[in-house]
Amino acid sequence: MSSSDVDSPETVNIRAHVGDSRYQENILDFALIKRGLLNPTLLRTFLSNYFVRHHHYLPLVPYFRAALTDELLSEFVVQELYLLTAMVIVASRYVNQLVNDRCWKYMQQLISDLVFGTDPSVGTIESLLLLSEKIPRMPGVNTKCLHYHEERMSWTLIGFAIRLSYYLGINQKTLISLSDCMDDATHRQRLAWTYCYMHDRQESIRLGKAFWSRGSGLCFQNPDIGASMLESSLNFSTLSISNGNTDDYSSHVQAQIELMQILTNIHDTLHPSRDRTIALVYVGEYYRILDDYTRSFTAFKLAWQQNSWHTFPLNETVSIAFHYAKLYAYGIALQSHLRRKTTKHKEALDFPPNERTSLGNIVFPRGLIGSPDAKFILESEKAAVDLLTICIAKLHTGGALAYLPSPYYGYISYAVVILIKIVFTGAVVANEQQNVMSLVRRAIAAFVELAGTADKQHPLLRRIDQLYTLVKELWNAEGGATVGNNSNNTANTPKRPRAESGFSGTLDDTDHLNADTV
């Protein structure tokens with residue numbers, strides 16, 4: 001993205017700057033400006049970029065506090081050093097790498113000061129959460145180790161935010177009755193703790209780590225799925241349209257909470273520990289649990305399908321999170337079937353690919369419908385297909401794919417992995433294999449295309465590398481054979497497309513990922 005994209009007046013309706021000398025004095029006193037890292041004009045440009053491209057994913061600031069005039073910006077500079085610095089870091093990530101690196105270095109100093117006794121604020125907690133889902137560049141880290149460092153940093157920043165929340169006592173604010181009179185500061189504290197809880201569950205489940213926060217939930221009044229619109233406007237009134245916001249961010253937060261609660265329950269019942277999951281796999285008790293989740297998914301869909309947010313891509317991100325939750329639940333059926341079959345036929349699988357039957361004939365000898373797990377495997381396939389369709393048709397086409405919070409790249413990659421497994425294990429017939437791999441090819445091509453214009457540390461680059469590695473390993477494991485039979489295919493192993501930025505960006509680069517060659 002060029003600087004003209006953010007400077008263009010069409011990108012955001014910025015209110016006129018007020019030329020009061022008092023406001024200018026406060027703005028010039030901002031730490032990043034005093035240190036020579038940016039000037040007031042660049043600061044306003046980055047803030048405009050932030051509110052256009054990033055604010056709606058994590059709406060921390062209600063409309064009446066958005067720092068888009070000199071008057072509000074001067075107040076923000078004085079009151080929100082941490083949050084304003086984090087906004088600049090996020091907005092400059094793909095616009096000005098030099099500014100991003102320097103501002104991130106200063107932010108690291110501020111975070112260190114917190115460790116050694118600087119008093120935190122709610123804005124401090126919000127800044128840590130913002131950085132946890134929009135990880136800054138780390139130019140000093142080897143790209144091969146970058147994924148590990150980013151995941152650890154994200155998880156650690158969330159944990160730090162939660163500990164500071166306990167220190168300030170804002171975790172108790174969700175217990176306040178909605179009938180009580182609450183000021184804007186209390187609403188802000190409730191929202192900050194809500195984000196802490198959601199980020200903790202989201203990242204800890206994704207990374208397989210323990211939860212940072214104590215307790216079982218948010219303890220909101222009447223949290224059931226159903227009357228979601230009304231309750232969201234009460235729980236998060238500062239983000240509702242009635243408070244001047246451009247969209248109903250309050251209901252968007254409510255939808256995320258409900259999805260995160262479902263995801264947390266899936267984790268607690270199906271994946272609480274490795275031993276428990278293995279026991280479910282061999283005993284088969286997960287059938288009853290998955291039936292219960294089917295009811296929850298249906299209830300969520302009925303409650304929210306009529307709701308539509310005007311801001312792109314809020315509808316799409318909620319849908320992606322919904323399909324990922326379905327994948328996380330129904331995916332255990334495919335994994336269970338694979339584990340049981342590979343354990344039973346372990347000796348046969350030890351033979352070289354050219355001396356044994358294909359993986360498809362071992363895992364699904366009578367086809368998918370002949371398996372007791374067919375119902376939920378088909379559900380997981382549908383969820384993955386729907387997720388990737390949204391990614392390609394909506395996010396990529398609309399230009400939002402490059403600016404998503406980092407967890408969404410994990411959701412999309414997980415859907416690709418599930419579909420690749422379904423094809424390689426012969427769970428679908430040849431014609432369906434072609435359709436599935438065509439979708440996978442288009443998704444990877446979308447990643448490749450964006451990676452050609454992004455910096456070398458963009459999460460998309462590592463996702464592409466991981467997906468190609470997976471396909472190559474599965475290819476080698478099957479000896480280049482078509483999954484549905486034993487015939488060998490002489491086509492070459494998939495090769496990663498190369499470019500100066502890491503990968504090239506044409507669809508032809510991924511043509512080898514079709515069903516005929518996999």
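The values are calculated or read from the model by the stated rules, or taken from the named source; none is laboratory data. This structure is a prediction, so every number in the text was calculated from the model and none was measured. Using ideal geometry, Cβ is built from the backbone for each residue, glycine included, and neighbour counts are taken over all protein chains shown. Note: areas computed on protein heavy atoms with side chains; ligands, DNA, RNA excluded. Shrake-Rupley method; radii C 1.70, N 1.55, O 1.52, S 1.80 Å.
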For this session: Obtain the nm distance between the two label points defined at Gln79 and Glu285 by a simple spin-label model: each point lies 7 Å from its Cα along the Cα-to-C-beta direction.
Result: 5.1 nm
Exercise. Per residue, what accessible area does segment 47-167 have, given a 1.4 Å probe and all protein chains present, in Å²?
Worked result: 36 Å²
Exercise. Quick one: Cα convex hull volume of segment 362-404, Å³ per residue?
Worked result: 88 Å³
Problem set entry | J(HN,Hα) series, segment 162-177, from Karplus relation 6.51 cos²θ - 1.76 cosθ + 1.60, nearest Hz, glycine and proline x | 5, 5, 5, 5, 4, 4, 7, x, 6, 5, 7, 6, 6, 7, 5, 5
Problem set entry | Backbone HN-Hα couplings from phi across segment 306-321 [Karplus 6.51/-1.76/1.60, Hz, Gly and Pro as x] | 7, 8, 9, 9, 6, 6, 7, x, 4, 4, 5, 5, 5, 5, 5, 5
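Length gain on complete extension for the stretch Thr156 to Ser112, per 0.36 nm per residue less the alpha carbon to alpha carbon distance?
Working it through step by step, the gained length comes to 14.5 nm.
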Exercise. Stretched out fully, how many nm does the piece from Thr41 to Gln306 gain, at 0.36 nm a residue minus the Cα gap?
Worked result: 91.2 nm
For this session: On the protein heavy atoms, probe 1.4 angstrom, tell me the percent of accessible surface of segment 71-137 carried by carbon and sulfur.
Result: 48 percent
For this session: Work the Kirkwood hydrodynamic radius out for segment 123-212: mean of 1/r over every pair of different alpha-carbon atoms, inverted, in Å.
Result: 14.1 Å
Exercise. Over the Cα atoms of segment 71-223, how large are the radius of gyration and the largest Cα-Cα distance (Dmax), in Å?
Worked result: 16.4, 53
Problem set entry | Gain in span if fully extended, Thr397 to Ala299, counting 0.36 nm per residue against the direct Cα distance | 32.3 nm
For this session: Kindly rank 125-132, 151-158 from highest to lowest mean number of other beta carbons found within 10 Å of each residue.
Result: 125-132, 151-158
Seminar exercise, completed: Treating only Lys and Arg (+1) and Asp and Glu (-1) as charged, each at its beta carbon, one finds that segment 252-314 has a dipole about its Cα centre, in Debye to the nearest 20, of 80 debye
Seminar exercise, completed: Applied in sequence order to segment 435-447, the curve 6.51 cos²θ - 1.76 cosθ + 1.60 (Karplus, θ = phi - 60°) yields integer Hz couplings, x standing for Gly and Pro, of 5, 5, 5, 5, 5, 4, 4, 5, 5, 5, 4, 4, 4
For this session: Between Asn431 and Gln172, with labels modelled 7 Å along Cα→Cβ, what's the label distance in nm to one decimal, could you check?
Result: 6.5 nm
Exercise. Non-local amide H neighbours of His458 (under 5 Å, H modeled in plane, Pro and chain starts lacking H): which ones?
Worked result: none
Exercise. Got a number for carbon plus sulfur as a percent of segment 239-351's accessible area, 1.4 Å probe?
Worked result: 52 percent
